[in-house]
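Each remark here refers to the structure printed beneath this line.
The values are calculated or read from the model by the stated rules, or taken from the named source; none is laboratory data. Source: prediction; values computed, not measured. Here the Cβ positions follow ideal geometry from the backbone for every residue, glycine too, while neighbour counts run over all protein chains shown. For accessibility, only protein heavy atoms count, side chains too; no ligands or nucleic acids. Shrake-Rupley method; radii C 1.70, N 1.55, O 1.52, S 1.80 Å.
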Amino acid sequence: MKLLGLITFLAILIQQSCLELGADALSSDGFVRAKGVQFTLNGYPYYANGFNAYWLMYVSSDPSQRSKLPAAFQDASRHGLTVARTWAFSDGGYRALQSSPGSYNEDMFQGLDFAIAEARRHGIKLILSFANNYDIFGGKKQYVDWARSRGRPVSSEDDFFTDSLVKDFYKNHIKAVLNRFNTFTKVHYKDDPTIMAWELMNEPRCPSDPTGRTIQAWITEMAAHVKSLDSNHLLEAGLEGFYGQSSPQRKTLNPPGQFGTDFIANNRIPGIDFVTVHSYPDEWFTDSSEQSQMDFLNKWLDAHIEDAQTVVRKPIILAEFGKSMKKSGYTPAQRDFVFNTVYNKIYGSAKRGGAAAGGLFWQLLGNGMDNFQDGYGIILSQSSSTVNVISQQSRKLTLIRKIFARMINVRKWKRARGQGQVRKRGHNNINS
């Protein structure tokens with residue numbers, strides 16, 4: 001009865017969805033699109049049930065470790081995962097992709113080439129991030145240091161968002177990534193539908209300007225820059241979801257701190273195609289009880305899904321979430337509860353045709369990657385209750401997509417059949 005109810009409900013929604021898809025419904029180029037509050041792929045609704053794996057380029061650039069990627073992607077595909085989020089940056093320092101502005105390590109770039117090729121082979125889309133807010137893998141600090149070494153009067157990491165030379169360095173990196181010719185697939189990145197979306201920065205923050213105006217101007221400028229170079233791919237800002245001055249009533253939901261971002265205003269910027277939110281109550285509220293952390297998670301997700309649906313009016317992905325095994329008192333049941341809570345919020349919205357379009361847990365690891373284990377890592381080949389929760393979500397979202405696809409196909413068939421009958425009647429009238 002539940003399945004019948006879902007089918008009936010979706011049948012009503014599909015009447016609206018088919019009309020809203022319009023010309024996009026005819027697209028079959030393999031690129032994920034955003035239409036209203038939904039993603040589409042080849043004219044059908046698309047859901048991003050996936051994972052974070054920041055290490056893809058780093059590991060695959062080492063020939064002795066490269067085999068870990070096909071194994072990880074195979075496990076992900078086997079469990080129905082459709083999207084991976086990873087870094088297209090490593091600025092300065094050890095095994096850098098970009099050792100200095102505009103100077104690239106070909107071995108590292110070929111590592112990213114290989115990761116994209118393997119994702120393509122296993123039917124997984126990628127979200128590629130251009131830069132980091134934090135100094136690990138260089139981050140905005142490295143860009144500012146490069147500018148200072150060339151005589152620019154910069155003193156703060158937040159000058160990343162305003163200094164003209166720093167912004168030129170960053171724009172040139174975007175251009176280098178978009179125009180990269182993949183040595184494995186023989187396709188430029190900007191032309192490759194394996195890539196679902198670009199991300200401006202992993203978790204951008206500008207605490208020196210709590211008004212949010214600095215980040216707002218930077219996202220506006222950089223979104224326009226990306227779109228001027230690549231009209232194929234979606235773009236998101238990489239935001240964690242902290243509320244700002246445009247929604248003062250929501251600011252009470254934020255964890256403690258100054259972030260300089262504005263979830264509503266930042267995501268309304270033209271060129272930003274979908275919304276992201278991150279959630280780590282076990283990191284943000286370390287002294288709170290498990291129940292308090294879960295209460296926060298529920299309110300945080302409800303608010304952002306609602307605002308994506310009714311205020312921003314764009315799809316939303318919960319782009320980072322998880323539960324650390326390293327926290328005091330951790331049990332697997334706690335992690336399962338977090339995952340089930342996130343997944344149920346997504347499913348509840350998706351089955352109504354709502355804005356929640358997927359979730360990416362932090363993080364996927366493969367066998368033999370203990371040195372990457374940060375407490376959040378999940379190895380799919382090591383059967384666990386959490387892996388079962390992940391697989392169940394994949395099946396539920398796949399079912400919704402299949403039902404939508406079938407109903408869209410029936411509607412297309414009826415429309416085509418009706419047009420054929422009109423043409424046939426017209427032909428008979430002429431002959432009579």
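Counting alpha carbon pairs within less than 8 Å and at least 6 residues apart, what relative contact order, in whole percent, applies to region 1-408? Working shown, then result.
Details: 770 pairs, mean separation 76.1, N = 408.
Worked out over region 1-408, it gives 19 percent.
Sorting check: for 80-88, 218-226, 192-200, which peptide has the highest mean count of neighbouring beta carbons within 10 Å, and how do the rest follow?
By packing density, highest mean first, the sequence is 80-88, 192-200, 218-226.
Treating only the Cβ atoms of Lys and Arg (+1) and Asp and Glu (-1) as charged, compute the dipole magnitude of the chain about its Cα centre; round to the nearest 20 debye. Don't jump to the answer; show the numbers that get you there.
On the way: 51 positive and 40 negative charges, 527 e Å.
Using only the charged Cβ atoms, the result is roughly 2520 debye.
When the dipole is taken about the Cα centre of region 248-389, and only Lys, Arg (+1) and Asp, Glu (-1) are charged at their Cβ, what size is it in debye, to the nearest 20? Don't skip to the answer; put the middle values down first.
Details: 13 positive and 14 negative charges, 89 e Å.
It comes to approximately 420 debye.
Which value, in Å², gives the accessible area per residue of the chain when a 1.4 Å probe is used on the protein heavy atoms?
Values: 18120 Å² over 432 residues.
Heavy-atom SASA per residue in the chain reads 42 Å².
Tell me, what % of the accessible area of the chain is carbon and sulfur with a 1.4 angstrom probe? Can you show the working numbers first?
Values: 9280 of 18120 Å².
Summing carbon and sulfur atoms, their accessible area is 51 percent of the total for the chain.
Which order do the peptides 331-343, 373-385 take when ranked by the mean count of other beta-carbon atoms within 10 Å per residue, highest first? Working shown, then result.
Values: 331-343: 17.5, 373-385: 15.5.
Descending packing order for the listed peptides: 331-343, 373-385.
Going highest first, how would you order 260-268, 47-55, 147-155 by mean Cβ packing within 10 Å? Present the calculation step by step, with values, prior to reporting the outcome.
Values: 260-268: 23.7, 47-55: 25.3, 147-155: 13.1.
Going by the mean number of other Cβ atoms within 10 Å, highest first, we get 47-55, 260-268, 147-155.
If the chain between R395 and S231 were fully stretched, how many nm would it gain, using 0.36 nm times the residue separation less the Cα-Cα distance? Don't skip to the answer; put the middle values down first.
Working: separation 164, 0.36 × 164 = 59.04 nm, distance 3.17 nm.
Full-extension gain reported as 55.9 nm.
For S156, put the label point 7 Å out on the Cα→Cβ axis and report which residues of region 235-279 keep their amide N under 14 Å from it.
Those under the cut-off are 258-261.
Per the Cauchy relation, a quarter of the hull surface: what is the mean projected area of the convex hull of the alpha carbons in the chain, in nm²? Write down the numbers at each step before the final one.
Numbers: hull surface 96.6 nm².
Spelled out: convex hull of the Cα atoms, projected over all directions, averaged, 24.1 nm².
What is the distance, in nm, between label points placed 7 Å from the Cα along the Cα-to-Cβ direction at S99 and at D295?
My value for the distance between the label points is 5.5 nm.
Would you mind checking region 275-314 for residues with the amide N under 16 Å from a putative spin-label position 7 Å along Cα→C-beta of K327?
Residues passing the 16 Å test: 278-301.
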